[in-house]
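Since the structure comes first, as structure tokens, the remarks are kept for the end.
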Amino acid sequence: MHYVADGRRVELLQYAAGGEETRPAIVLLHGASGYQRFRSLFERYAALLVGNGYRVYALMYYDKHDQRVMTSGDRDAQQDNYERRVASVSYTH
């Protein structure tokens, strides 16, 4: 799955147990530091939730350009990028 953020295609990670039955869903959102920095923690949390019967989705609203900005050390650019990216998210299937 993917969605469009500020005109860019960005992936949506899905964590789910096998089967097609209907399950409640939880959406994980990363903070300004991005997903990659804490990926192992998100994945452990997602696995725990899936093990309890949920479908879990992680919105990856940063792309490679965003990751460069968010690791640049420029706090103003980071805040501007974060606000723009979060405000621009729209889902497409």
What figure, in Å² to the nearest 10, do you get for the accessible area of Tyr82 with a 1.4 Å probe and non-protein molecules left out? 60
Classified through the alpha carbon gyration tensor (a ≥ b ≥ c as square roots of its eigenvalues; rounded if a/c is under 1.5, else prolate when a/b is larger than b/c, else oblate), segment 30-76 comes out prolate
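Carbon and sulfur atoms: what percent of the 1.4 Å accessible area of the chain do they account for? Mind showing how you got there, number by number?
Values: 3140 of 5950 Å².
Answer for the chain is 53 percent, counting heavy atoms of protein chains only.
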How big is the antiparallel share of DSSP beta bridges in the chain, given as a percent to the nearest 5? 70
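Place a +1 charge on the Cβ of each Lys and Arg in the chain and a -1 charge on the Cβ of each Asp and Glu, then give the dipole magnitude about the Cα centre in debye, rounded to the nearest 20. Each step should come with its number before you reach the end.
On the way: 12 positive and 11 negative charges, 33 e Å.
My answer is approximately 160 debye.
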Extreme residue, positive dipole direction of the chain, given options Gly34, Ala47, Met1 (C-beta unit charges): Ala47
Between [x] 58; [y] 51; [z] 47, which entry matches percent of Cα pairs over 16 Å apart as derived from the coordinates of this structure? [x]
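On a full-extension model of 0.36 nm per residue, what is the gain between His65 and Glu43, subtracting their alpha-carbon distance, rounded to one decimal in nm? Spell out each step's value before the answer.
Numbers: separation 22, 0.36 × 22 = 7.92 nm, distance 2.29 nm.
In short, 5.6 nm is gained.
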Rounded to the nearest 500, the 222 nm mean residue ellipticity computed for the chain from DSSP H runs (n ≥ 4, each -39500 (n - 2.57)) alone is -10500 deg cm²/dmol
Label model pair Ala17, Ala32: point-to-point distance (7 angstrom along the Cα→beta-carbon line) in nm is 3.8
Report the gain in length on full extension from Ala25 to Asp74: 0.36 nm times residue separation, minus Cα-Cα distance, nm rounded to one decimal. 14.1 nm
By how many degrees, 0 to 90 and rounded to 10, does the Cα axis of helix 39-51 deviate from the longest principal axis of the chain? 20
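The values are calculated or read from the model by the stated rules, or taken from the named source; none is laboratory data. Worth saying up front: this structure is predicted, and the values here are computed from it rather than measured. Ideal geometry is used to build each Cβ from the backbone, glycine not excepted, and the neighbour counts take in all protein chains shown. Surface accessibility is based on the protein's heavy atoms, side chains included, excluding ligands, DNA and RNA. Shrake-Rupley method; radii C 1.70, N 1.55, O 1.52, S 1.80 Å.
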